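The values are calculated or read from the model by the stated rules, or taken from the named source; none is laboratory data. Everything numeric here is computed off the predicted structure, so don't read it as measured data. So basically every Cβ, Gly included, is an ideal-geometry build from the backbone, and we count neighbours across all protein chains shown.
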Amino acid sequence: MDRRSDAVVAAALVVTGLQEIGVRGAGVCTAGRLDLDPGIVTAVPGRAELLVDQRHLDAGALATMPADARSLWSSAAAGEGCTVESHTLWRIAPTPFDERLVEAGRRACLEVAGSDRTLASGALHDAAQMAPRMPSVMTFSSSSGGVSHAVEENTPEADLELALEAFGLLARRVIADGVGAGSP
């Protein structure tokens, strides 16, 4: 057992360490996919491929996160007798939304649903491409159990109705009051 180069053990150390990088830096690190080779129960994986997503609202803080992750996986790989290489697949700068529209969205949610919550999504929605060009904001409805972007995702119809009502109120106010009108 002491001569194993177990890539999945190294990957597991990385996955748990990534969460700490996110927490420590007030950002988010997610291990979104792990592929093992060979992917069978009777063989020690000699290769693990891990896809990592790192997000932060501050561009400077986000810039330091990949180096922290590289240090983590280099250490984990060395500890398990593995080698490691990394590649950046894609990068986007943090894209803030229009503060006036965010506040108007919060007010609409509070009035319709009785609560509001601002999320620093950091997601790569179309709005991330629109925000540098025009005032933008996104509204979300909660998913049962917090599960999103998965087959199990579900939102009760009553929650969807509230979200649509809040979005409608936001849209009417933007049109009537000109909130967010003009360029950023």
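Some notes on this structure:
- Segment 50-69, residues that are of a type outside the set (A, V, I, L, M), loosely packed, with under 13 Cβ neighbours inside 10 Å and either in a helix (DSSP H, G or I) or over 19 Å from the mean Cα position of the chain (by Cα) (or both): GLY60
- Exclusive hit being under 30 Å from ILE175 (Cα atoms), of a type in the set (S, T, N, Q), surrounded by fewer than 13 Cβ atoms within 10 Å (Cβ to Cβ) and out of contact with any strand residue (DSSP E or B) (no Cβ under 8 Å at 6 or more places or on another chain), set SER142, SER115, SER136: SER115
- Filter result for ALA166 (in contact with a Cys (Cβ under 7 Å, 6 or more places away or on another chain), modelled with pLDDT of 95 or more and either part of a helix (DSSP H, G or I) or over 22 Å from THR30 (Cβ atoms) (or both)): yes
- None of ALA120, ALA127 is more than 28 Å from LEU34 (Cβ to Cβ), under 23 Å from the mean Cα position of the chain (by Cα) and modelled with pLDDT under 85 except ALA127.
- Here LEU110, LEU119, LEU169, LEU160 are screened, and the one residue that is touching a residue at least 60 places away in the same chain (Cβ under 8 Å) and not assigned by TED's automatic domain parsing to the domain that holds TRP73 is LEU169.
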